[in-house]
Amino acid sequence: MAEELSNGQILLHDKKLVQASCFLGSSIPMEKRIEWSDSFTKPSLRADRTKLKDTSIFLVLSQNCDIACRNDQIESTIEVAVCKKIKPKDVYEGNSFVKSVRKLHFQAEENWYEANVDYILHIVKSELLEVIEKSREFSLISLTDEYAKSVPVWRSNRYMRSALPDNFNAQIEPILRDYIAKIESSASAEEEKNFSSYIRAFYVWVDSDEEKEHYAFDFFALLRDDISDEQASQVQDAIEEMAEAFAEASGYTDLCEIYSGRESTTTVAYLARFVRFNFDHLSLEQGDGDTGLSKYSVNLRSIAA
């Protein structure tokens, strides 16, 4: 006897509801939208019709594995963001490439929308399935690959953002943009490898997590064991050059000593002092086809994820 599908499995496989898919607010009865708004975290936003307009779009945030869970009791709801329609002139590039953890700007078909962490619903799967089956106007909208890939990164970055002061981040980002290509080139792996970069992760240490005018810093790249001595030296030189440029541009104190090291010779105790730096927004901004990874290779944008 065939196993009965869960509501989540039906939503994913039959209705094609996947992460980053969208549906218009107008396809959901207003009374149901108001009912669902009870799950907004801020009470003041609940039952506010101005936040639940027909022109809004509902963006699915849940991962596909959570949507299609076999047991509806374990994963009973789907996380959905109610996104307002915005004008093209109000689109901010930083919000389109997950630089902000609060807002995400994305394009669906010909229109632009803004997702905001304050407007996230948790919809019971059985209720959503019932609404879909009863609606004559329900249809899904797919995002382009660029924006579809930004959705999980935007959601996860709220919990995985680098614990570095804003002042420090503001100074380091221009340097990273200038040196990422060179560092990745120095770490590029041979074509026969099943990875494209010998850098496993990139770390930053800062002497204070407070906002201030001056910092001391340390950079460190964790390398795969099978990198050659010659190439490891090239990576070290590239990171040293970036550190020197950063110190000169920012006025911060460079305390870097070794710049890089192989994974088998680097202790957990040594890495514990660092923060693994998040490059996802740079990766998406460059149109990278694989979230978390550099457009130049596999690891540098994931090095601090």
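The values are calculated or read from the model by the stated rules, or taken from the named source; none is laboratory data. Not measured: the values here are computed from a predicted model. Here the Cβ positions follow ideal geometry from the backbone for every residue, glycine too, while neighbour counts run over all protein chains shown. To get the accessible areas, we keep the full protein, side chains included, count just its heavy atoms, and leave off ligands, DNA and RNA. Shrake-Rupley method; radii C 1.70, N 1.55, O 1.52, S 1.80 Å.
Taking DSSP loops as anything outside H, G, I, E and B, show the longest stretch in the chain free of GluC sites (Glu not before Pro) there with at most 14 other beta carbons within 10 Å. Walk me through the intermediate numbers first.
Working: sites that count: Glu3, Glu4, Glu109, Glu110, Glu137, Glu190, Glu191, Glu192, Glu210, Glu211, Glu213, Glu257.
It runs 5-108.
Roughly speaking, what is the stretch gain from Glu210 to Lys85, that is 0.36 nm per residue apart minus the C-alpha to C-alpha distance, in nm to one decimal? Let's see the in-between values first.
Values: separation 125, 0.36 × 125 = 45.00 nm, distance 3.66 nm.
The Glu210-Lys85 span can extend by a further 41.3 nm.
Which percent of the accessible heavy-atom area of the chain goes to carbon and sulfur, probe 1.4 angstrom?
Values: 6900 of 15240 Å².
C and S atoms contribute 45 percent here.
What residues qualify as long-range amide H neighbours of Trp112, i.e. H under 5 Å apart, gap of 5 or more or another chain, H built at 1.01 Å from N?
Answer set, sorted by chain and number: Ile86.
Under a 1.4 Å probe, what is the accessible area of the chain per residue, stated in Å²? The partial results should precede the final answer.
Numbers: 15240 Å² over 305 residues.
I get 50 Å² per residue for the chain.
Explain nothing, just compute: Karplus ³J(HN,Hα) = 6.51 cos²θ - 1.76 cosθ + 1.60, θ = phi - 60°, for every residue of the stretch 77-92 in order, whole Hz, x for Gly and Pro.
Working through the residues one at a time gives 10, 10, 7, 9, 9, 8, 10, 7, 6, 10, 7, x, 5, 9, 6, 10 Hz.
Picking from Lys149, Lys103, Lys212, which is most flexible by a Gaussian network model of the chain using Cα springs under 10 Å?
Lys212
Say we join alpha carbon atoms closer than 10 Å with springs in a Gaussian network model of the chain; which of Ala269, Ala249, Ala221 then has the biggest fluctuation?
Ala269
Multiply the residue separation of Glu244 and Lys182 by 0.36 nm, subtract the distance between their alpha-carbon atoms, and state the gained length in nm to one decimal.
Working: separation 62, 0.36 × 62 = 22.32 nm, distance 1.44 nm.
Extra length from Glu244 to Lys182 when fully extended: 20.9 nm.
Work out Dmax and Rg for the chain from the C-alpha atoms and quote the Rg first, both in angstrom.
22.5, 71
What's the magnitude of the charge dipole for the chain around its Cα centre, counting Lys and Arg as +1 and Asp and Glu as -1 at the beta-carbon? Answer in Debye, nearest 20.
Numbers: 35 positive and 53 negative charges, 319 e Å.
The calculated dipole for the chain is roughly 1540 debye.
Please build a GNM for the chain, connecting alpha carbons under 10 Å apart, and tell me which residue among Cys256, Cys83, Cys22 fluctuates the most.
Answer for the Gaussian network model of the chain: Cys256.
Label-point separation (nm) for Thr41 and Asn194, each offset 7 Å from Cα along Cα-to-Cβ?
3.9
Please list the non-local residues whose amide H lies under 5 Å from the amide H of Ser21, H modeled 1.01 Å from N, same-chain partners needing a gap of 5 or more.
Val60
Under the rule of -39500 (n - 2.57) per DSSP H run of 4 or more residues, summed and divided by the residues of the chain, what mean residue ellipticity at 222 nm is obtained, to the nearest 500 deg cm²/dmol?
Values: 9 runs with 94 residues, N = 305.
So the helix-based figure for the chain works out to -9000 deg cm²/dmol.
Just the Kirkwood number for the stretch 41-155, please: inverse of mean 1/r across all distinct Cα pairs, in Å, one decimal. Kindly include the intermediate steps, with their values, before the conclusion.
Values: mean 1/r = 0.0659 Å⁻¹.
After inverting the mean inverse Cα-Cα distance, the result is 15.2 Å.
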